[in-house]
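Heads up, the thing below is written out as structure tokens.
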Amino acid sequence: MQRNTRQRRAIRRVFMNAGRPLTPEEVLEYGQQIVPSLGLATVYRNVKTLAGEGWLSEVVLPGGGLRYELADRPHHHHFLCRSCDQAFDVHRCPDEVEAMAPDGFEVDSHELILFGLCAACA
């Protein structure tokens with residue numbers, strides 16, 4: 001059992017308020033607004049622990065590095081901004097995902113990643 005330190009509480013709060021996948025560096029930036037002494041090694045250690053406990057899940061985006069988000073999220077996809085490198089949630093699936101597979105293939109899951117410029121960068 002891990003201790004519930006103020007650093008860990010700050011990291012949890014960052015994820016609960018973020019609403020999107022975060023890099024450890026983003027967690028550090030937002031977390032330092034809550035606990036100014038928070039360090040990057042502490043973020044990495046806690047994020048890894050929280051993912052191991054099933055509270056966070058890893059989000060792997062091509063060219064975007066490893067990110068984390070709350071694990072109890074319903075099925076969704078991601079948008080990666082090519083300018084600021086921030087990831088955002090996409091809450092809708094195309095209706096015809098299964099029809100996109102080659103004839104005779106059976107789809108059992110899918111992942112969709114959109115790339116472009118976020119509203120702030122556009």
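The values are calculated or read from the model by the stated rules, or taken from the named source; none is laboratory data. What you see is a predicted model; the values in this text were computed from it and never measured. For neighbour counting, all protein chains shown are included, and Cβ atoms are generated from backbone atoms with ideal geometry for every residue, glycine included. Please note that ligands, DNA and RNA were not included when accessible areas were found on the heavy atoms of the full protein model with its side chains. Shrake-Rupley method; radii C 1.70, N 1.55, O 1.52, S 1.80 Å.
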Quick check on Thr23: is it in contact with an Asp or Glu (Cβ under 9 Å, 6 or more places away or on another chain), surrounded by 12 or more Cβ atoms within 10 Å (Cβ to Cβ) and over 24 Å from Ser109 (Cα atoms)? yes
So, first residue open to solvent by less than 60 Å² (accessible area, probe 1.4 Å) in the stretch 39-57, second residue of a type in the set (Asp, Glu), Cβ within less than 7 Å, six or more apart or across chains; the pairs are Ala51/Glu58; Leu56/Glu69; Ser57/Glu69
Name every residue in the stretch 64-77 that is part of a strand (DSSP E or B), within 19 Å of Glu25 (Cα to Cα) and touching a strand residue (DSSP E or B) at 6+ places or on another chain (Cβ under 8 Å), in order of residue number. Leu66, Arg67, Tyr68, Glu69, Leu70
Anything in the stretch 1-17 that is free of Cβ contacts under 8 Å to residues at least 40 places away in the same chain, in a helix (DSSP H, G or I) and open to solvent by 30 Å² or more (accessible area, probe 1.4 Å)? List them, or say none. Arg6, Gln7, Arg9, Arg13, Asn17
Val90 versus (1) touching a Phe, Trp or Tyr at 6+ places or on another chain (Cβ under 9 Å); (2) modelled with pLDDT under 90: which is the lone unmet condition? (2)
State yes or no: is Tyr30 of a type in the set (Phe, Trp, Tyr), surrounded by 14 or more Cβ atoms within 10 Å (Cβ to Cβ) and in a strand (DSSP E or B)? no
Within the stretch 54-109, take every residue that is among the β-branched types (Val, Ile, Thr) and farther than 17 Å from Arg20 by Cα and give me the one that is nearest to the chain's Cα centre (by Cα). Val97
Can you confirm whether Pro36 is open to solvent by 60 Å² or more (accessible area, probe 1.4 Å) and at pLDDT below 95? no
Consider only pairs whose beta carbons are under 8 Å apart and that are at least six residues apart or on different chains; among these, list those whose first residue lies in the stretch 85-105 and is in a loop (DSSP other than H, G, I, E, B) and open to solvent by less than 40 Å² (accessible area, probe 1.4 Å) and whose second residue is modelled with pLDDT under 90 and β-branched (Val, Ile, Thr). Val97/Val107; Ala101/Val107
